[in-house]
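What follows is calculated from the coordinates using simple rules that are stated; it is not laboratory data. Note that this is a predicted model, so its numbers are computed, not measured. Glycine also receives a Cβ, built like all others from the backbone with ideal geometry; neighbour counts cover every protein chain displayed.
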Amino acid sequence: MISIEVLTGVLLVCILVTFALGAPVGLALGGIAMGVGYITWGDALFNVIPTTLEGTYFSFILLAIPLYIYMGQLLTRSGIGDAMFSASQMLIGKVRGSLAISVIIVCSMIGAMVGIIGAGIMTSGSIALRPMLERGYDKRLALGVIMAGGGLGILIPPSIPMIMFASSTQNSVGRMFIGALIPALITIVLLITYVVISCKMNPKKAPLDKVPDVPQTTKEKLLTARDGGLSLLLIVAVLGSIIMGIATPTESGAIGVVGAIILAIFFKRFKPKMVRSAGLRAAVLVSVAMWIIFGATVFSNFHLLMGVQNMVAGFTQDLGLPPMMVILLFQLIMLLLGFIIDEFIIVLMCAPIFTPIAVSLGFDPIWFGILMILNIEIAVQTPPYGFALFYLKGIAPPGITMLDIYRSVTPFVLIKLLVLIIVMFNPELVTWLPNKLMD
């Protein structure tokens, strides 16, 4: 019988090799588990497949994933980005760095609607990057705020990784969504504060004479406020239906889809072609996500059955670390994983292993889940290998180099790291609101 330590090493090497070869993530993880498992267990391994398949694809919680992804695709084609930018710009007014502030606010909302980091950054970048560069904004500031705002999508409900965490650890999705609100608000406030101070210290970053036009007449302002308010109302409806107990997170996804269609009609963007293209794109994203979930769950279940949880618990006990140092160790592991794999895999691999250990040490599982989401958001944006950096490069103009992107994201990553530390040592920032609203 192979020891769990040797088995873990073999699995890690296999993962690195398959990722280096460019193999599809879901198939790679599932294939590694099947191959190594067959060598160690024989035919008994195949009992894992039907139980994993049933537990994965027949989960009511995971039904929310295609609904939220479809909602995000409808919203990106319905004019909601333009409406939110106009309303935000009118609210902020003609101040230095106002467009960058608008980008942080609106891109974070768009990222939340899309629910995943890659799509959030690419959608936000396609809407906001060119206007910022055309108006004379420093390219590093423009790139940095898009990465910061679009990447916030997994921290602002509804978030696909939060749903995955709740499903894999048997925790409440609603509590996860509500618990993330205060950390998300802190992050947005700190990002905006940095932009304001940075532009004041270096006015060349945001030329004051090239800010976009804002509505001047009362009628224009009322129309802009109406459109922006309707766009924001959809987010309130999705999250509010969960908080008030009107709908489950899955049912609120259906509310979001209906609301997105109504908005598309209101903004006169509703066409059968739009619905079809949004559906096809959502189907592709859902297919990829579900294959990843299935492959990662097979991998995780096999590893758990082999005793990796006991190995990790024993390792932390042997080190004699205090509970908070164990949490710090978990954060370091997840940060390193974020250099090579995306948010889905980190959640599905680490949540079933780390969360029970954190709970056994006396920590709240919802608090630990939000720490994991904050950590992942930082990890996938950290130079030089954070995969979200390459999403941003994919939508950047030809003159933008990877070095520009590395430099642009660094201050924003440090701000998010500060938020992670604040939340880590102040658990009530996560637990207070869910306890107040849901208990």
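Observations on the model:
- The slack between Thr218 and Phe425, meaning 0.36 nm per residue of separation minus the straight C-alpha distance, is 69.8 nm.
- For the pair Lys268 and Met290 in one chain, pulling the backbone fully straight at 0.36 nm per residue adds 4.6 nm over the alpha carbon distance.
- The 3J(HN,Hα) values that the Karplus relation (6.51, -1.76, 1.60; θ = phi - 60°) gives for the range 396-402 are, in residue order, 6, x, x, x, 8, 9, 4 Hz. Gly and Pro appear as x.
- Listed peptides 136-147, 222-233 appear in the order 136-147, 222-233 once ranked by packing, highest mean of other Cβ atoms within 10 Å at the front.
- Straight-line cross-link reach from Lys436 at under 29 Å between alpha-carbon atoms covers these lysines, not counting any fewer than eight positions away in the same chain: Lys416.
- Based on alpha-carbon atoms, the Kirkwood radius and the radius of gyration of the range 193-300 give Rg/Rh equal to 1.13.
- Rh (Kirkwood; distinct C-alpha pairs) - the range 255-306, Å: 13.5 Å
- Above-threshold pairs, the threshold being 20 Å between Cα atoms, out of Lys139/Lys204; Lys221/Lys271; Lys139/Lys200: Lys221/Lys271
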